[in-house]
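Beneath this line is the structure, given in structure tokens, with notes to follow.
The values are calculated or read from the model by the stated rules, or taken from the named source; none is laboratory data. Please read all numbers here as calculations on a predicted model, not as lab measurements. As a convention, Cβ positions derive from the backbone with ideal geometry for all residues, glycine included, and neighbour counts pool all protein chains shown.
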Amino acid sequence: MENIYDSLVDRGLIAQATDSEKIREILGKEKIKFYIGFDPTADSLHVGHFVSVMVMAHMQRAGHTPIVLFGGGTGMIGDPSGKTDMRKMLSRETIEHNIECFRKQMSHLIDFSDGKAIMANNADWLLDLNYIEFLREIGVHFSVNRMLAAECYKQRLERGLSFFELNYMLMQSYDFLLLNRKYDCRMELGGDDQWSNIIGGVELCRRCDSKEVYGLTFNLLLTSEGKKMGKTEKGAVWLDPEKTTPYEFYQYWRNIADADVITCMKMLTFIPMDEVRQYEKLEGSEINKAKEVLAYEVTKLVHGEEEAQKAQSAAKALFGANSDSEHMPTTALEDADFTDGAITVVDAMVKAGIAKSKGEARRLIQQGGVSVDDAKVTDTMQTISRSSLENEPVIIKKGKKIFHKITI
């Protein structure tokens with residue numbers, strides 16, 4: 001059986017490891033507990049979290065036990081990694097609500113039956129810490145000079161790094177120490193932007209308990225141009241179907257750049273690598289076949305097979321001769337949206353999130369990129385009447401691939 005470490009490398013997931021040879025040996029010979037942390041900064045996981053989920057799933061399938069750690073404590077500070085400004089402080093109630101949302105989503109994505117995975121919350125040990133004792137036991141092991149040289153802090157120094165945020169590394173490191181003591185957790189995994197924090201935890205376990213533990217980071221989900229994936233006109237691509245519908249989710253993956261398809265197929269699906277390598281050979285319009293497979297597989301993992309089939313059927317119908325709008329993203333207009341019984345196409349586009357602003361909507365129309373019910377819009381003042389919507393919805397099309405249904 002292939003070593004899971006080799007499988008993760010083959011899929012382009014692994015970025016850095018504290019001791020790659022030892023980690024490979026352990027993962028091949030033993031069944032261990034490992035953890036990945038998730039700070040509850042929103043009420044839903046998003047595409048950026050999905051790489052973490054897939055790494056956990058691959059590890060679990062290989063017989064290892066994931067510990068999903070929710071940051072009920074660290075979330076009250078906020079990780080400065082990759083941020084140019086301090087994160088917005090969330091109330092305890094908001095954090096607890098977000099964790100409950102995360103729990104439900106995680107239960108669909110990872111198998112928690114029969115002790116195959118563990119959920120934990122660092123609020124259980126961080127919120128009631130005695131600060132002086134914490135500094136004496138934990139803080140003494142951290143060099144401020146080394147911390148400020150870490151990438152997660154270094155990029156913040158010019159704009160200002162608060163002492164509040166400086167504590168984050170200590171707390172994440174403390175998480176690893178306590179999880180090792182409580183569950184014999186031997187490895188921390190995380191996105192590559194977590195490397196400095198993970199190193200802190202590995203060293204803390206060695207200094208406090210003389211325990212040999214390990215850290216492993218995986219590549220962030222980036223486009224071929226080096227930009228983070230998972231953003232649309234409406235904002236983040238969420239895993240919650242109430243925030244990003246299964247159809248919108250499917251369409252996001254169906255419409256990604258040709259250069260990103262194989263990377264996403266490797267990192268975000270369980271498609272065997274031999275099959276992925278066959279898709280890698282496709283060129284030109286044939287790449288669309290790979291996009292359809294990617295979109296279906298990722299949607300199936302997040303929303304289930306039935307929703308993936310619905311999204312795929314709706315997309316195929318839209319791009320074919322017939323129009324199927326049943327599963328299309330929909331915006332319902334209210335009385336306040338109409339002026340003298342009508343709404344401009346520009347206003348409807350902004351309301352639906354098809355355009356970020358009226359200026360952008362006008363530019364799209366002037367460039368010939370907008371249609372209403374298959375009729376190209378040429379006038380930026382064109383309207384949609386309320387009476388027409390009472391009879392049936394209208395469909396606004398942006399470009400070749402974005403469809404949106406407008407109703408009342």
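Just to be sure, is Phe102 modelled with pLDDT of 90 or more and in contact with a helix residue (DSSP H, G or I) (Cβ under 8 Å, 6 or more places away or on another chain)? For Phe102, the condition - modelled with pLDDT of 90 or more and in contact with a helix residue (DSSP H, G or I) (Cβ under 8 Å, 6 or more places away or on another chain) - is not met. Does Ser224 satisfy being part of a loop (DSSP other than H, G, I, E, B) and hydroxyl-bearing (Ser, Thr, Tyr)? So Ser224 passes the test. Note on the stretch 245-289: among residues that are among the basic types (Lys, Arg) and in a helix (DSSP H, G or I), the one that is farthest from Gly230 (Cα to Cα) is Arg277.
Regarding the stretch 76-89, can at least one residue be identified that is more than 17 Å from Ala120 (Cβ to Cβ) and either in contact with a strand residue (DSSP E or B) (Cβ under 7 Å, 6 or more places away or on another chain) or among the polar types (S, T, N, Q) (or both)? Yes, because at least one residue in the stretch 76-89 is more than 17 Å from Ala120 (Cβ to Cβ) and either in contact with a strand residue (DSSP E or B) (Cβ under 7 Å, 6 or more places away or on another chain) or among the polar types (S, T, N, Q) (or both). Just name the residue that is surrounded by the fewest Cβ atoms within 10 Å (Cβ to Cβ) out of those in the stretch 342-364 that are among the hydrophobic types (A, V, I, L, M, F, W, C), at pLDDT 90 or above and farther than 20 Å from Gly235 by Cα. Only one residue fits best here, namely Ile343.
Determine, yes or no, whether Met76 is within 17 Å of the chain's Cα centre (by Cα) and of a type in the set (A, V, I, L, M).
Here the answer is no, as Met76 does not meet what is asked.
Looking at the stretch 195-254, which of the residues that are surrounded by fewer than 23 Cβ atoms within 10 Å (Cβ to Cβ) and aromatic (Phe, Trp, Tyr) is nearest to the chain's Cα centre (by Cα)? Filtering first and then ranking leaves Tyr252.
The residue of the stretch 255-282 that is surrounded by the fewest Cβ atoms within 10 Å (Cβ to Cβ), among those that are farther than 22 Å from Ala57 by Cα and among the hydrophobic types (A, V, I, L, M, F, W, C), is Ala259.
Among the candidates Ile406, Ile384, Ile395, which residue alone is part of a strand (DSSP E or B) and either of a type outside the set (A, V, I, L, M) or in contact with a Phe, Trp or Tyr (Cβ under 8 Å, 6 or more places away or on another chain) (or both)?
Working: Ile406 fails: either of a type outside the set (A, V, I, L, M) or in contact with a Phe, Trp or Tyr (Cβ under 8 Å, 6 or more places away or on another chain) (or both); Ile384 fails: either of a type outside the set (A, V, I, L, M) or in contact with a Phe, Trp or Tyr (Cβ under 8 Å, 6 or more places away or on another chain) (or both).
The match here is Ile395.
Out of Ile287, Ile262, Ile199, Ile271, one residue alone is assigned by TED's automatic domain parsing to the domain that holds Tyr168, farther than 28 Å from Ser357 by Cα and touching a residue at least 24 places away in the same chain (Cβ under 8 Å). It is Ile199.
Scanning the stretch 29-70 for residues that are small (Gly, Ala, Ser) and closer than 19 Å to Asn197 by Cα yields Gly37, Gly48, Ser52.
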